[in-house]
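The structure appears right after this line, and notes come after that.
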Amino acid sequence: MSERVVVDPITRIEGHLRVEAQMEGNNIAQAYSSGTMVRGIETILKGRDPRDAWAFAQRICGVCTLVHGVASIRAVEDALKYRIPPNAEIIRNLMIAAQYVHDHVMHFYHLHALDWVDVVSALSADPKATSELAQSLSSWPKASVGYFRDTQNKLKRFVEAGQLGIFAKAYWGHPAYKLPPEANLMAVSHYLEALEWQRDVVKLHAIFGGKNPHPMFLVGGVPSPIDLNSDSAINAKRLAQVQEVIDKMRTFVDQVYIPDTLAVASFYKDWGERGEGVGNFLCYGDFPMSGMGDPSSFLIPPGVILDRDLSKIHPIDMESPDEIKEFVSHSWYDYSGGKDEGLHPYVGETNLHYTGPKPPYRQLNVDESYSWLKSPRWNGKAMEVGPLARVLMLYASGHEMTKELVGMTLAKLDLPPRALFSTLGRTAARTLETKIIVEAMQGWYDSLIANIKAGDTKTFNETQWDPSTWPKEARGVGYTEAPRGGLAHWVVIKDGVIDNYQAVVPSTWNAGPRDAENQAGPYEAALQDNHQLQDPKQPIEILRTIHSFDPCIACAVHVTDPEGEELVQVQIR
Ligand code: NFE
Ligand code: MG
């Protein structure tokens, strides 16, 4: 048996992920995904006022900065039967949507592009040819010869000083890079522009939530009062700024992100033939227009697609003790009922028990536990969550814009529908859903303005704010579609405080290890799907497929060693 190829840590992600690939020649035969660090949120929430939980839960991550806050307040609202005013619903939608657009653009340029774009090759591009290429793809104004020459000179100074800085530590010159120098230079320019762009668009969160990361939330509504006559509330000036942000987002998505995705993808069509994996997709659904209790009003519908069959959407019941369960058969946890049972999150347990090798180690013992991530399953099956799941759900439910965008993309790239289920399909789906969401933002904004014009400025309901009115025991589930996929928090409240709190997050669904039946998780299955490594010492192919999921291990391992003990040493080579 050949050696394993080990990538640890996988960089350009949030948190620490290790992948071990068991090779057969140059082919990946088996892949293992391991979260190597552990944090601590579910446990410290116990005993607290449920209305405060969002402020702790939101610290699970600073990349998907607000989604854990949203899932948390929705869980408490579900448990305590709170209804929120329509304006609060709209403002939450706008904030979640802004997070998508921000996060997806950042992912494409800053976390994923360098798997496909060779920065060093951009040095040999002809700025004039780059300008012609850029103008043939888009009407984005920053496309002159001088502009690309300036970017190239900036890049040259980096390289000559021996300081690639943000571009350091990549496989530059790897034969798997296929873009011509001019496309590389254009993409590097947009990488730098996206850094500036994100600084502006993040203002939407500051306007409605006070700051970013980690904007403020409120059980029962949103903490942003609307008063057109006040300097310290949401007023006409602030609303005009929100419109500016939406315009800026739309322009960048239309003129830069979509054309770049199509341009880069056209050089990597073979990546439409690998990297799919489990073939099951799950969405909790999100973006309500008439309350979380009415999923028929959601922009993204809830449901499950099994075995790539888009003709049927299976319903999902998050309260059912039989549907969603987390397994720890291959995770460093114990369950009081035994290692191989699955637990629904209402009765979920977080009992740490590290049994892995002492670091530094050569390889993990994958017959036993090998990750700090649990393995969530729906009806016993591994599920992919995220942009591809959502685009497939929208497509399967007949969403017109999605059907048009998917059709346009496949036609432009001359790819069969089957290519959706791939590394390339997953990355393209992220771009397409950004377009869908940014268009929806304008509609929500217009509804908010119409409500305010009609005299409705309410953003918070005080009903049931007094804990003495709460039932002795209550439980609820709050969910959202976070940028990386379906995210849900389950809370059990007893005598006014949190008795149990469990978060099952997107990167746990996608990056979790094998389960009690030895079924691979989505990352693992994707790497086992038709991956050859051109050079096992520079396994760029593993990065391409893993990054296509946009991993966030900080989200996924939200529990900690209570003694703060060092559990693993990380060495960056
Ligand atoms: Ni830390 Fe997160 C998102 C959540 S992913 S990024 O999106 O929840 O696991
Ligand atoms: Mg959890």
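The values are calculated or read from the model by the stated rules, or taken from the named source; none is laboratory data. Remember, it's a predicted structure, so these values are computed and weren't measured experimentally. Methodologically, a virtual Cβ is constructed for each residue, glycine included, from the backbone with ideal geometry; neighbour enumeration extends over all protein chains shown. All accessible areas refer to the heavy atoms of the entire protein, side chains included, with ligands and DNA or RNA removed. Shrake-Rupley method; radii C 1.70, N 1.55, O 1.52, S 1.80 Å.
General observations
- Percent accessible area from carbon and sulfur atoms, the stretch 1-121, protein chains only, probe 1.4 Å: 53
- Each label was represented as a point 7 Å from its Cα along the Cα-to-Cβ direction; for LYS211 and ASP466 these points are 3.3 nm apart.
- Share, in percent, of DSSP beta bridges within the chain that are antiparallel, nearest 5: 90
- Ranked by how many other beta carbons lie within 10 Å on average, peptides 289-298, 104-113 from highest: 104-113, 289-298
- On the basis of the beta-carbon distance and an R0 of 51 Å, ASP446 and GLU3 show a calculated FRET efficiency of 0.30.
- Report note on the peptides 229-236, 132-139, 64-71: ranked by the mean count of other C-beta atoms within 10 Å, highest first, their order is 64-71, 132-139, 229-236.
- Ligands, DNA and RNA left out, the 1.4 Å accessible surface of the stretch 151-291 is 53% carbon and sulfur atoms.
- Per residue, in Å², the accessible surface of the chain once ligands and nucleic acids are set aside, probe 1.4 Å: 38
- Full-extension gain in nm, SER124 to ASN365, via 0.36 nm per residue minus C-alpha separation: 82.2 nm
- Per-residue ³J(HN,Hα) for the stretch 14-31, Karplus 6.51 cos²θ - 1.76 cosθ + 1.60, θ = phi - 60°, Hz, x for Gly and Pro: 9, x, 10, 10, 10, 10, 10, 10, 7, 9, 10, x, 8, 8, 7, 8, 9, 10
- Near-label residues of the stretch 482-519 by backbone N, under 17 Å of a point 7 Å along Cα→Cβ of THR355: 513-519
- Take 199-212, 374-387 and order them by the average number of nearby Cβ atoms within 10 Å per residue, most first; the result is 374-387, 199-212.
- Per-residue ellipticity at 222 nm, computed for the chain from helices alone with -39500 (n - 2.57) per DSSP H run of at least four residues, works out to -11000 deg cm²/dmol.
- Within the stretch 325-413, percent of DSSP bridges classed antiparallel, to nearest 5: 90
- Members of LYS142/LYS435; LYS142/LYS178; LYS46/LYS494 lying beyond 18 Å, as alpha-carbon distances in this model show: LYS142/LYS435; LYS142/LYS178
- Set of aspartates and glutamates near LYS403 by C-alpha distance (under 17 Å), chain-local residues within fewer than 8 positions excluded: ASP309, ASP414, GLU433, GLU439
- Accessible surface of the stretch 327-441, 1.4 Å probe, proportion on carbon and sulfur as whole %: 53
- Dipole orientation for the chain: of the candidates TYR346, VAL492, SER232, SER232 has the Cα lying most toward the positive pole (charges on Cβ; Lys, Arg +1; Asp, Glu -1).
- Base-10 log of normalised Debye intensity for the chain (one unit scatterer per alpha-carbon) at q = 0.08 Å⁻¹: -0.53
- Derived scalar couplings between HN and Hα for the stretch 48-59 equal 9, 5, x, 6, 8, 4, 4, 5, 7, 4, 5, 6 Hz in order, rounded to whole Hz, by the Karplus curve 6.51 cos²θ - 1.76 cosθ + 1.60 (θ = phi - 60°), x for Gly and Pro.
- Per DSSP, loop trypsin sites (Lys or Arg not before Pro) in the stretch 49-98 with at most 10 further Cβ within 10 Å: none
- The stretch 68-189 - charge dipole about Cα centre, Lys and Arg +1 at Cβ, Asp and Glu -1, debye rounded to 20: 200
- Backbone N within the stretch 271-307 under 19 Å of label point (7 Å from HIS314 Cα along the Cβ vector): 277-285, 301-307
- Segment SER397..GLN30, full-extension length gain: 128.7 nm, with 0.36 nm per residue of separation and the alpha-carbon distance subtracted.
- Under 14 Å from the THR457 label point (7 Å along Cα→beta-carbon), backbone N, the stretch 232-250: 232-239
- Förster-model FRET efficiency, 45 Å R0, ASP499 and GLU132, C-beta, rounded to 0.05: 0.10
- Multiplying the residue separation of TRP172 and GLU193 by 0.36 nm and subtracting their alpha-carbon distance yields 5.4 nm.
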